[in-house]
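The values are calculated or read from the model by the stated rules, or taken from the named source; none is laboratory data. Values in this document were obtained by computation on a predicted structure and should not be read as measured data. Neighbour counts run over all protein chains shown; Cβ positions are idealised from the backbone, glycine included. All accessible areas refer to the heavy atoms of the entire protein, side chains included, with ligands and DNA or RNA removed. Shrake-Rupley method; radii C 1.70, N 1.55, O 1.52, S 1.80 Å.
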Amino acid sequence: MEEYTREPCPWRIVDDCGGAFTMGAIGGALFHSIKGFRNAPSGMSKRFMGSIITVQQRAPILAGNFAIWGGTFSTIDCTLVHFRRKEDPWNSIISGATTGAILAARNGVAAMTGSAIVGGVLLAVIEGIGIFYTRIMADQFKQTSIIDDPSHQFDNSQQRNPS
């Protein structure tokens, strides 16, 4: 159902890039604040200051990495939608694998292959869970007829024999 509420393809890239940046900024701020607090010298004021400094230094980097991943993924996804002329889970799986390979390209072919496999499997799991969840939710709203319900059917074996 989410597919119908998304932006059209050229704007989807900007939307996904911004969403990924925001997710990376919030997650990075949480993660690095805890990391900075734990790694700072003893004393509460030093720990809070260490937390703030670590967030200022490292959270924007993580947010940028997330934005690059989201932008690359969406660009490949929109390209696949354009060439394949359909929007299905295979586009996401292929986009995840290709994004993993592209972002690991400077580390060599082995790293590209490994990242492509991880990206493809990760997106396949996400898409599979989404399909499973959609089917489970659809079964809840399936209408049943009183005629098809076995508890409302007349059983001839329970009739009395008039003879």
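Got a sec to turn the phi values of region 117-133 into Karplus ³J(HN,Hα) couplings, 6.51 cos²θ - 1.76 cosθ + 1.60 with θ = phi - 60°, whole Hz, x for Gly and Pro? Values per residue, Gly and Pro as x: 5, 4, x, x, 5, 4, 5, 5, 5, 4, 5, x, 5, x, 5, 4, 5 Hz.
For E87, nonlocal amide neighbours, meaning residues 5 or more places apart or on other chains whose placed amide H falls under 5 Å from its own, do not occur. The three principal axes of the Cα atoms in region 83-148 give end-to-end lengths of 64, 24, 12 Å, sorted in falling order.
The mean sequence distance of close C-alpha pairs (under 8 Å, at least 6 residues apart), as a share of the length of region 56-134, puts its relative contact order at 26 percent. Share of pairwise Cα-Cα distances greater than 21 Å in region 1-98 is 46 percent (whole percent). Between A110 and L122, full extension at 0.36 nm per residue minus the direct alpha carbon distance yields a gain of 2.5 nm.
So, counting K/R as plus one and D/E as minus one, what does the shell of residues with Cβ under 15 Å around A20 add up to? Once positives and negatives cancel, what remains is -2. Probing with 1.4 Å while keeping every protein chain in the model, the per residue accessible area of region 1-62 equals 75 Å².
You can think of it this way: the chain between I131 and T22 has 36.6 nm of extra reach, that is 0.36 nm per residue less the Cα-Cα gap.
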